[in-house]
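Just so it is clear, none of the values below were taken in a lab; they were calculated from the coordinates. The structure presented is a predicted model; accordingly, all values stated were derived computationally and were not measured. So basically every Cβ, Gly included, is an ideal-geometry build from the backbone, and we count neighbours across all protein chains shown.
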Ligand code: SF4
């Protein structure tokens, strides 16, 4: 068995990078339905509020979904975590 101290540094760096890369899909995976917030938790409503609506929100996923709120999301809806598209 080889010791880690005898592994050439470039190879060790590649192996360490590969280990971190293996975690990346976990960290950046999209939210699954069970991970999303319920509309009632964020005061979701199916109409705009003060000129803000899902269609103009950073989290909206056309045609009728949201990255962080579960369920059928209307582009005309709104919730408390609305954030403007950049
Ligand atoms: S306002 Fe944004 S975060 Fe809230 S339900 Fe609509 S798209 Fe999702």
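Taking other C-beta atoms within 10 Å as the exposure proxy, 58, 37 rank 58, 37 from fewest upward. Over segment 32-86, the Kirkwood radius and the radius of gyration, each from Cα atoms, give a ratio Rg/Rh of 0.91. Obtain the nm distance between the two label points defined at residue 42 and residue 85 by a simple spin-label model: each point lies 7 Å from its Cα along the Cα-to-C-beta direction. The two pseudo-label positions are separated by 1.6 nm.
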